[in-house]
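Colleague: Before I ask anything, let me first share the structure, which is written out below as structure tokens.
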There are 2 protein chains.
Amino acid sequence: MTNTVIELICIGNELLIGKTLNTNAQWLAKRITTLGLKVHRITIISDNIEEIAKAIQETIQRNPHFIITTGGLGPTFDDKTLEGIAKATKRKLTTHNQALKMIEAKYHQYAEEGRMERAELTPHRIKMAKLPEKAKPIFNPVGTAPGVTIKHDDITVIALPGIPSELKAIFDESVAPLLKEIAGEVTFFETSLGITGMGESAIAPLIDRVMHDNPYVYIKSHPRGEETIPHIELHFSTTAENTGLAKKRVSKTLLQLSELIQEKGGKVKPIKAKF
Amino acid sequence: MTNTVIELICIGNELLIGKTLNTNAQWLAKRITTLGLKVHRITIISDNIEEIAKAIQETIQRNPHFIITTGGLGPTFDDKTLEGIAKATKRKLTTHNQALKMIEAKYHQYAEEGRMERAELTPHRIKMAKLPEKAKPIFNPVGTAPGVTIKHDDITVIALPGIPSELKAIFDESVAPLLKEIAGEVTFFETSLGITGMGESAIAPLIDRVMHDNPYVYIKSHPRGEETIPHIELHFSTTAENTGLAKKRVSKTLLQLSELIQEKGGKVKPIKAKF
């Protein structure tokens with residue numbers, strides 16, 4: 001199912017005041033793309049419960065297959081993601097036994113290892129186990145707050161913590177296998193060419209021609225520096241039923257465009273793919 | 001007017017496949033915050049014209065004062081921001097004389113300086129001057145594609161190029177002065193404290209108490225590493241009518257929380273503000 005629609009919602013004031021660079025969104029987008037699926041939209045909002053609920057409601061109305069949220073699952077007052085999801089999906093928040101056990105086990109482990117003084121479940125720790133009704137906790141292999149998953153009509157909502165190491169661990173262990181199963185053999189393939197001696201506006205009509213002949217390959221030009229110091233990265237990407245087909249399509253397209261650029265006096269050199 | 005609502009819309013497939021880290025959004029958010037205003041939401045969408053138009057329509061419905069878009073103003077087929085804005089605001093795209101003159105002058109300058117072979121206006125270059133009706137071009141001091149501004153009812157839409165150097169130059173030269181005038185003397189101030197020897201869930205109730213006593217200061221805890229290797233960054237921020245008041249508020253809050261943390265056995269050290 002290559003037309004699976006995934007939206008990300010990143011929650012955190014630090015992203016809206018420019019304190020934190022949103023590396024979580026990039027990491028998830030790259031991972032999901034590599035798995036053969038597609039992120040359709042990313043929304044970044046503050047830790048305000050009304051804002052979270054509103055953004056989730058609006059996203060639900062666009063009816064994606066998956067909504068993945070990042071941030072706001074911790075023990076502090078401004079960790080409001082689950083409250084926001086509960087409000088948006090008209091569910092109550094209740095203490096989830098399994099989630100509470102997960103959290104309790106973590107604090108006991110920390111205390112036994114001498115890494116934390118007290119193991120008891122304070123209200124701020126119990127807060128992390130308060131899930132929207134019918135939600136399920138997802139085990140967090142490297143931190144305390146569990147991830148959370150909720151089936152809402154046909155939409156799967158997955159809430160991940162904002163701490164990058166925890167987000168990555170939960171995604172790789174519990175979310176990626178699910179998405180890979182949906183994607184099947186479908187593969188994303190990409191590569192880049194570096195062009196010198198030609199500006200973006202001169203390359204544009206050549207891209208038009210080559211994309212017309214190769215409708216499954218997406219070519220995007222990225223000017224590096226000013227347009228007049230012509231150094232353009234051309235990025236080729238495709239999603240195909242298997243790796244062989246994906247590579248074949250990209251190679252054909254790349255060769256055709258390289259020839260056209262060289263005919264017009266441009267210089268072409270391969271750039272190592274960044275994936 | 002400190003309740004000015006600003007939304008950013010970042011347009012570009014490269015952001016949704018994780019190829020590019022969205023440094024533009026962070027840069028703009030930080031700049032706008034430093035000017036004393038607030039970014040309420042950031043939306044990231046693909047280069048698809050329907051998606052752009054839909055995201056802009058949805059944003060218009062939330063009725064912010066400003067919508068600032070990034071990306072999609074260049075000469076290639078997938079630079080569709082102006083088409084998307086035109087569609088969302090039900091305007092035609094027409095070649096704007098002043099914009100065309102700006103672009104023409106740039107290519108003549110490049111050709112005279114020997115940095116580009118041909119100065120003539122090809123269809124792909126003219127494309128950058130096709131603006132939604134009643135839009136105005138904004139001079140681009142370092143690149144070719146002008147920025148664009150449109151008054152739509154009470155909303156000011158500002159479209160900036162995606163190339164970081166061009167985005168920054170247009171913003172600083174033409175957008176920042178306008179926003180500064182709106183913000184007036186209002187100032188954003190922030191600083192951070194580093195905490196060791198205490199986990200996030202133990203600091204949480206202390207933050208609650210201090211924020212209750214200091215409602216104008218926002219305190220956010222950022223766990224660095226795992227919760228059990230307790231290194232927490234506490235970030236204090238406020239927006240106030242003047243710098244003196246902002247600093248006074250933050251200092252008072254910071255002292256109060258530091259004392260509470262030290263009473264509970266935590267260690268406090270100042271972290272240099274990152275702004």
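The values are calculated or read from the model by the stated rules, or taken from the named source; none is laboratory data. Computed from a predicted model, the values in this text were never measured in an experiment. Glycine gets a Cβ as well: all are built from the backbone with ideal geometry, and neighbour counts include every protein chain shown.
Colleague: If you go through region B:194-214, how many residues are closer than 11 Å to B:LEU257 by Cβ and either touching a residue at least 60 places away in the same chain (Cβ under 8 Å) or crowded, with 17+ Cβ neighbours inside 10 Å (or both)?
Modeller: Residues that pass the stated criteria total 7.
Colleague: Further question on the same structure: In region A:86-102, what count of residues is obtained for those that are crowded, with 21+ Cβ neighbours inside 10 Å and out of contact with any strand residue (DSSP E or B) (no Cβ under 9 Å at 6 or more places or on another chain)?
Modeller: 0
Colleague: Same structure, new question: Which residue pairs have Cβ atoms closer than 8 Å, lie 6 or more positions apart in sequence or on different chains, and pair a first residue in region B:84-95 that is farther than 19 Å from B:ASP47 by Cβ with a second residue that is surrounded by fewer than 22 Cβ atoms within 10 Å (Cβ to Cβ) and among the acidic types (Asp, Glu)?
Modeller: These pairs meet every condition: B:ARG91/B:GLU133; B:LYS92/B:GLU133; B:THR94/B:GLU133.
Colleague: Just need a number here: residues in region A:35-50 that are at pLDDT below 95 and among the hydroxyl-bearing types (Ser, Thr, Tyr).
Modeller: 0
Colleague: Looking at (1) more than 14 Å from chain B (Cβ to nearest Cβ); (2) at pLDDT below 95; (3) on the phi < 0 side of the Ramachandran plot, can you tell me which one A:HIS96 breaks?
Modeller: The single condition A:HIS96 does not satisfy is (2).
Colleague: Sticking with this one: Scan region A:189-196 and give yes if some residue there is within 10 Å of another protein chain (Cβ to nearest Cβ) and touching an Asp or Glu at 6+ places or on another chain (Cβ under 7 Å), otherwise no. I'd like the intermediate steps shown before the answer.
Modeller: Quick first cut of region A:189-196, residues within 10 Å of another protein chain (Cβ to nearest Cβ) only: A:190, A:192.
From the residues that got through so far, the ones that are touching an Asp or Glu at 6+ places or on another chain (Cβ under 7 Å) too are A:192.
Yes: one or more hits.
Colleague: Looking at (1) crowded, with 21+ Cβ neighbours inside 10 Å; (2) more than 21 Å from the chain's Cα centre (by Cα), can you tell me which one A:GLU117 breaks?
Modeller: Evaluating A:GLU117 over (1) crowded, with 21+ Cβ neighbours inside 10 Å; (2) more than 21 Å from the chain's Cα centre (by Cα) leaves (1) as the failure.
Colleague: Would region B:247-268 turn up any residue that is farther than 30 Å from A:ILE126 by Cβ, surrounded by 14 or more Cβ atoms within 10 Å (Cβ to Cβ), hydrophobic (A, V, I, L, M, F, W, C) and in contact (Cβ under 8 Å) with a residue 12 or more places away in the chain?
Modeller: yes
Colleague: Of these, B:THR238, B:THR156, which one is away from every other protein chain (no Cβ under 14 Å), within 22 Å of the chain's Cα centre (by Cα) and either at negative phi or crowded, with 22+ Cβ neighbours inside 10 Å (or both)?
Modeller: B:THR156
Colleague: Across region A:1-33, which residue is surrounded by the most Cβ atoms within 10 Å (Cβ to Cβ) among those that are more than 8 Å from every other protein chain (Cβ to nearest Cβ) and of a type in the set (S, T, N, Q)?
Modeller: Ranking the candidates gives A:ASN24 first.
Colleague: State which residue pairs qualify: first residue in the same structural domain as B:ARG125 (by TED's automatic domain parsing) and inside region B:139-168, second residue of a type in the set (Phe, Trp, Tyr) and surrounded by 18 or more Cβ atoms within 10 Å (Cβ to Cβ) in any location, beta carbons under 8 Å apart, and separation of 6 or more residues or different chains.
Modeller: Cβ pairs passing all conditions: B:THR144/B:TYR107; B:ILE155/B:PHE66; B:THR156/B:PHE66; B:VAL157/B:PHE66; B:ILE158/B:PHE66; B:LEU160/B:PHE171.
Colleague: Something else about it: Of everything in region B:1-26, what is within 30 Å of A:THR238 (Cα to Cα) and in contact (Cβ under 8 Å) with a residue 12 or more places away in the chain? Give them in sequence order. Lay out the reasoning, then the answer.
Modeller: Narrowing region B:1-26 to residues within 30 Å of A:THR238 (Cα to Cα): B:8-26.
Of everything in region B:1-26, those that are within 30 Å of A:THR238 (Cα to Cα) and in contact (Cβ under 8 Å) with a residue 12 or more places away in the chain turn out to be B:LEU8, B:ILE9, B:CYS10, B:ILE11, B:GLY12, B:ASN13, B:LEU15, B:LEU16, B:ASN22, B:THR23, B:ASN24, B:ALA25.
Colleague: Considering A:GLU233, A:GLU185, which residue is in a strand (DSSP E or B), among the charged types (D, E, K, R), at pLDDT below 95 and farther than 23 Å from B:GLU120 by Cα?
Modeller: Just one listed residue meets the conditions, A:GLU233.
Colleague: Name every residue in region B:136-165 that is in a loop (DSSP other than H, G, I, E, B) and not polar (S, T, N, Q), in order of residue number.
Modeller: B:PHE139, B:PRO141, B:VAL142, B:GLY143, B:ALA145, B:PRO146, B:ASP153, B:ASP154, B:PRO161, B:GLY162, B:ILE163
Colleague: So B:MET128 ticks every box in (1) crowded, with 17+ Cβ neighbours inside 10 Å; (2) farther than 16 Å from B:THR70 by Cβ; (3) within 13 Å of another protein chain (Cβ to nearest Cβ) but one. Which box is left unticked?
Modeller: All conditions are met except number (2).
Colleague: While we're looking at this one, here's another question. Any residue that is out of contact with any helix residue (DSSP H, G or I) (no Cβ under 9 Å at 6 or more places or on another chain), at pLDDT 95 or above and in the same structural domain as B:ASN140 (by TED's automatic domain parsing) - is there at least one of those in region B:63-80?
Modeller: Taking region B:63-80 first, the residues out of contact with any helix residue (DSSP H, G or I) (no Cβ under 9 Å at 6 or more places or on another chain) are B:63-64.
When the remaining residues are screened for being at pLDDT 95 or above, the result is B:63-64.
Filter again for in the same structural domain as B:ASN140 (by TED's automatic domain parsing), leaving B:63-64.
Yes: region B:63-80 contains one or more residues that are out of contact with any helix residue (DSSP H, G or I) (no Cβ under 9 Å at 6 or more places or on another chain), at pLDDT 95 or above and in the same structural domain as B:ASN140 (by TED's automatic domain parsing).
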